[in-house]
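Step one of this worksheet: look at the structure below.
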Amino acid sequence: MSDFLYNNFGISSEWVNYLFLPLLIFFARIGDVTISTIRIIFVMNGNRLIAPILGFFEALIWLLAIGQIISNIDNVWSYIAYAGGFAMGTFVGITIEEKLAYGKVVVRLFAPNNVDQLIAFLEKHHYRYSLLDAEGRKGKVNILFMVVKRDSLKHLITGIDNFHPKAFYTIEGVKQVSQEVHGNTDTKRNRFRKLQTKRK
């Protein structure tokens, strides 16, 4: 690489070894670690098409970066660039993954008090849920199970905080959902009315 840049662009080997080569390795690592982070998300969601394609480019870019390090094994700046690119790639990958909000999650919510207002919110926005009565350390508790798309999670959490701020909830990723059921609004409303009548 040094000879190529010197012969064609007049760039000295010092500039190549201490600037261009580390920058190449740095951005290559950002690329392959970013792709790796996103690929893992698709693997966890069982996507058999996109994950292998991302894996191909991830390996290709990684080989480019490691090949340059091996060719310049005495250049300490290459190692610094490699580690720095890995760290930055992790940050970029997580940021992109959060923006994509791909896949579904299961939300488990535990609320000790009346949850009618929260259920009304779920019904209004067509969230599917299952409600269970359970016994906790301090008495009876309501447990809500919901499977939602990740791009709807922020809206759901906002509703929970508004209508039941003291509720405790956990969120986990879901690899696969058995089927997509589009609930009927009238049926949901009837179920809600029956639930209210039963509690009265």
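Rule-based calculations on the coordinates, nothing more; no lab input. What you see is a predicted model; the values in this text were computed from it and never measured. Reconstructed Cβ throughout: ideal geometry from the backbone, glycine too, with neighbour counts over all protein chains shown.
Projecting label points 7 angstrom from Cα along Cα→Cβ for Lys140 and Arg108 puts them 2.2 nm apart.
Measuring between their Cα centroids, region 88-116 and region 143-160 lie 8 Å from each other.
Measuring r between the beta carbons of Leu64 and Phe91 and using R0 = 25 Å, the FRET efficiency lands at 0.75. Taking the Cα centre of region 8-120 as origin and assigning +1 to Lys and Arg Cβ atoms and -1 to Asp and Glu Cβ atoms, the resulting dipole is close to 360 debye. Pairs Lys99/Lys154; Lys104/Lys154; Lys99/Lys166: which exceed 21 Å Cα-Cα? As for pairs spanning more than 21 Å Cα to Cα, those are Lys99/Lys166.
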